[in-house]
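Q: The structure follows.
The values are calculated or read from the model by the stated rules, or taken from the named source; none is laboratory data. Please read all numbers here as calculations on a predicted model, not as lab measurements. No Cβ is skipped: glycine too gets one built from the backbone with ideal geometry, and neighbour counts run over all protein chains shown. Only protein heavy atoms, including side chains, enter the accessible area calculation; ligands, DNA and RNA are left aside. Shrake-Rupley method; radii C 1.70, N 1.55, O 1.52, S 1.80 Å.
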Amino acid sequence: MISHPSRHCTVELQALPSRIGQVRRIVSAQLRYWHLDSLIDRAALGVTELLTNVHQHARPDKTCTVEIELLPDRLTVSVRDRDPRLPVVDEAEPLATCGRGLAMVAAMSESWGARPDGESGKVVWFTLPTPPSVPPLPGRPPRRLVEEVPAESFSQVARAAPARSAVAG
């Protein structure tokens, strides 16, 4: 299920390798829509690491929810799963092929954390600072100052040039 009100996007999925790539593309597309192209690489890397942790460690199943939320000063990306065990950042061996995901999330984000979610789950999240000026969302044009025109001058223009229809017939 995908939902995305103006400044919020939620995706529910099974954290399987094929689905992780799809979520990366959804996150990237949403950030482009919000004109936050500068955050795409870090957000996609972070969500990939969090979903990979769900895939590798979550029990009893791999069901999870990815949520991205745009606030005025930051983007928050969170992954909620059904495993109550909180993640631990370990010191990976120099030649290890895994074990660096949360350290990377910590290094590339403004802040990150994990918290219990109800009786049998958790939320792992990270934040990225947004650029100082985020343009308004498409769909509603920005307000413009409209110059007030006195009624007399408008009626004079109407008499000088009669209206014509652009429709044939």
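Q: For segment 42-117, what does the accessible surface come to per residue with a 1.4 Å probe? Please give it in Å².
A: 55
Q: Now, a different point. Would you mind working out the magnitude of the charge dipole of segment 14-101 relative to its Cα centre, with +1 at each Lys and Arg C-beta and -1 at each Asp and Glu C-beta, to the nearest 20 Debye?
A: That gives a dipole near 320 debye.
Q: Fully extended, how many nm does the chain gain between Val88 and Leu16 (0.36 nm per residue separation, minus their Cα-Cα distance)?
A: 23.8 nm
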